[in-house]
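Before any comments, here is the structure.
The values are calculated or read from the model by the stated rules, or taken from the named source; none is laboratory data. If you're wondering where the values come from, they're calculated on a predicted model, not measured in any experiment. When we count neighbours, we look across all protein chains shown, and the Cβ atoms used for this are built from the backbone with ideal geometry, even at glycine. Please note that ligands, DNA and RNA were not included when accessible areas were found on the heavy atoms of the full protein model with its side chains. Shrake-Rupley method; radii C 1.70, N 1.55, O 1.52, S 1.80 Å.
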Amino acid sequence: MQLFYNPNIDETTETFSFDKEESKHIIKVLRKKDSDILFVTNGLGDLFKTEITLASDNKCTVKIISFEKSTAPKFHLHLVVAPTKMNDRFEWFLEKATEIGIHEITPIICDRSERKVINTERFDKILLTAMKQSNVLFLPKLNNAISFKDFMKQKQDGVNFIAHCEETDKKSLKSVLKPNENVTILIGPEGDFTEKEIELALDSNYIPVSLGNTRLRTETAAIVACHSVVFVNEN
């Protein structure tokens with residue numbers, strides 16, 4: 001199934017048109033024509049079966065034939081990850097985490113962060129492309145970058161973890177995860193969290209965890225954490 005995206009449709013929508021860029025891709029690149037079937041999601045778990053009624057590369061119009069509503073996940077995975085120095089590594093994380101099944105991402109700026117500015121618009125496009133390519137019906141939410149201290153002032157629902165490399169008493173993440181729980185996991189920058197940041201997280205009831213016996217890059221650690229949570233919640 002080839003998946004397309006329109007954030008403005010719901011079960012009451014009867015017809016709609018794709019924007020010029022998507023229309024050109026559908027008609028010129030994919031060579032779709034009148035009466036061809038397209039599957040579309042709004043990123044909220046809904047899948048629409050549509051039929052092309054106007055095969056225009058400027059304004060491809062479709063009518064909705066039927067729609068299915070996916071069951072909402074019983075858990076919510078929120079990864080709070082420090083942006084990597086090299087943008088392509090963080091972008092790789094965004095793509096793979098979307099394929100695996102992440103729900104929410106917050107870039108966090110730490111004391112040792114080497115990158116403090118991110119391109120939210122580009123990151124959103126990567127999430128959208130990954131969602132469509134992997135036939136995921138829920139588009140992950142990308143929050144604005146926030147400082148570690150400011151994030152600690154926010155209350156998160158569910159169980160909260162911080163993965164760090166300090167030689168302290170930590171539990172294995174896989175040993176403490178339970179299905180059907182909302183989970184927030186902090187992943188630090190290449191130089192790891194500072195001792196003060198770790199202390200602040202612990203004071204905010206974050207549980208220190210280990211992601212394995214080896215030292216992982218930021219984006220690798222984030223993927224390991226993402227997969228661990230999704231794996232625990234598989235039926």
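Side notes on the structure shown:
- Strands (runs of 3 or more DSSP E) (entirely within region 1-103) containing at least 2 residues that are in contact with a Gly (Cβ under 9 Å, 6 or more places away or on another chain) and not acidic (Asp, Glu): 77-81
- Region 129-150, subset touching a Gly at 6+ places or on another chain (Cβ under 8 Å) and aliphatic (A, V, I, L, M), residue farthest from ASN87 (Cα to Cα): LEU137
- Checked against (1) in contact with a helix residue (DSSP H, G or I) (Cβ under 7 Å, 6 or more places away or on another chain); (2) at pLDDT 95 or above, ILE65 passes all but condition (1).
- Per-region count, region 30-84, residues in contact with a strand residue (DSSP E or B) (Cβ under 9 Å, 6 or more places away or on another chain), closer than 29 Å to GLU181 by Cα and open to solvent by 40 Å² or more (accessible area, probe 1.4 Å): 8
- Any pair with Cβ under 7 angstrom, 6 or more apart, that starts in region 21-47 at a residue that is at positive phi and ends at one that is in a strand (DSSP E or B) and open to solvent by 70 Å² or more (accessible area, probe 1.4 Å): GLY45/LYS69
- Selection status of ASP169, more than 20 Å from PRO73 (Cα to Cα) and either among the polar types (S, T, N, Q) or surrounded by fewer than 16 Cβ atoms within 10 Å (Cβ to Cβ) (or both): yes
- Among the residues of region 85-101, just one is among the small types (Gly, Ala, Ser) and surrounded by fewer than 24 Cβ atoms within 10 Å (Cβ to Cβ), namely GLY101.
Yes/no per residue for (1) surrounded by 13 or more Cβ atoms within 10 Å (Cβ to Cβ); (2) on the phi > 0 side of the Ramachandran plot; (3) of a type in the set (Lys, Arg):
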residue	(1), (2), (3)
ILE109	yes, no, no
SER113	yes, no, no
ARG122	no, no, yes
LEU127	yes, no, no
LYS132	yes, no, yes
ASN135	yes, yes, no
PRO140	yes, no, no
ASP150	no, no, no
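- Restricting attention to region 10-24, the residues that are in contact with a strand residue (DSSP E or B) (Cβ under 9 Å, 6 or more places away or on another chain) and closer than 14 Å to CYS60 by Cβ add up to 6.
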